[in-house]
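What follows is a short report on a single structure.
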Amino acid sequence: MSKETFIQVSDFKLFTKLIGKKNGKQTVVLEAGYGDYSKGWNSIVSEIASLTEVLVYDRAGLGKSEESSNPRTSLEMVKELKELLDKMSITPPYLLVGHSFGGVNARLYASIYPEDVSGLILVDSTPEDYRVRFLPTMSEEFQKAYNKQFNVESDYDEFGESLNQLKKCKVRLSVPLIVLSAGKKDHYSDESQNLWNQLQEEILQYSSKSELLIAENSAHYIQDDEPSVVIGAIKRLLEK
């Protein structure tokens, strides 16, 4: 079963796709990375939908969704997602899966609405200290490319504000958390890769029930490079 709809949220409409049946399990909500949208999950969505109900959607201004006049920070996106789930009458708790910047949104959502979340899977997600501790260690060319990318969703400052919002949120969760770290990042030296894995490991402090899995053969899109790793993590948390 697959249903595509546009849902009015605030002053704009969001494109949503609800696939599969709950089968007594929680709904999986997939949150894409920066500037990315529902298609970023194409490699795994069908298999997850064979297990339970899955929601993929396009954030405001991306994919098929309308633009929003709200600031493009994580806090606004989390409020919009909450309104979207309520309007679609999708009953919590949800298993949140966030890729890259989507992991920032997923963590913030779980902090603000902990009663709505049964578990959290972070797929090579952006650490809150990325710009302070990681970016300065990379080449000038890498840093320039990073700074130039902020033209499709949040701007540079809004993205920075999203990381600050996450940093200020000190809530410690008691739900299961699986952190998936890409072990074969493009353009990373051994030193950079080790620092990246270390920053991913530090995210484990966020929950009392957490574990780190390194996808040794994956670049940033683990769901494409090693889909079985992401699907396996989702299966495990659905069974808890």
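The values are calculated or read from the model by the stated rules, or taken from the named source; none is laboratory data. Just so we're clear, the structure is a prediction, and the values are computed from it rather than from any experiment. Cβ atoms come from the backbone with ideal geometry, glycine included; neighbour counts cover every protein chain shown. To get the accessible areas, we keep the full protein, side chains included, count just its heavy atoms, and leave off ligands, DNA and RNA. Shrake-Rupley method; radii C 1.70, N 1.55, O 1.52, S 1.80 Å.
Quick one: if the Förster radius is 25 Å, what FRET efficiency do residue 240 and residue 220 give, using the C-beta to C-beta distance and rounding to 0.05? Working shown, then result.
On the way: r = 27 Å, r/R0 = 1.08.
About 0.40, to the nearest 0.05.
The simple spin-label model puts a point 7 Å past each Cα toward its Cβ; for residue 21 and residue 212 those points are separated by 4.1 nm.
With both labels modelled 7 Å from their Cα along Cα-to-Cβ, the residue 149 to residue 185 distance reads 1.0 nm. Note on the stretch 69-165: Cα-only Rg and Dmax are 14.7, 47 Å. Taking the average, over residues, of other Cβ atoms within 10 Å as the packing measure, peptides 69-82, 215-228 rank 69-82, 215-228 from highest down. Straightening the chain between residue 202 and residue 4 buys 67.5 nm, computed as 0.36 nm per residue apart minus the Cα-Cα spacing. Converting phi to 3J(HN,Hα) with the Karplus coefficients 6.51, -1.76 and 1.60 and the offset θ = phi - 60°, the stretch 54-67 yields 10, 10, 10, 8, 9, 5, 3, x, 10, x, 9, 7, 6, 7 Hz in sequence order, with x at every glycine or proline.
Counting protein heavy atoms only, the chain has 47 percent of its accessible area on carbon and sulfur, 1.4 angstrom probe.
Annotation: the antiparallel percentage among DSSP beta bridges lying fully within the stretch 2-238 is about 30.
In this structure, residue 140 and residue 164 have a Cβ-Cβ separation that, at R0 = 30 Å, corresponds to a calculated FRET efficiency of about 0.75.
For the stretch 170-186, putting each phi into the Karplus relation 6.51 cos²θ - 1.76 cosθ + 1.60 with θ = phi - 60° gives couplings of 9, 5, 9, 8, 10, 8, x, 10, 10, 9, 9, 10, 6, x, 9, 5, 5 Hz, in residue order, rounded to whole numbers and with x for Gly and Pro.
Judged by the gyration tensor of its Cα atoms, with axes a ≥ b ≥ c, the stretch 200-240 is oblate; a/c meets the 1.5 cut and b/c is at least as large as a/b.
With 23 Å as the limit on Cα-Cα distance, the pairs of 22/240; 17/79; 82/185; 22/235; 184/209 that go past it are 82/185; 184/209. Annotation: Cα Rg of the stretch 2-238 relative to the compact-globule expectation 2.2 N^0.38 Å equals 0.95.
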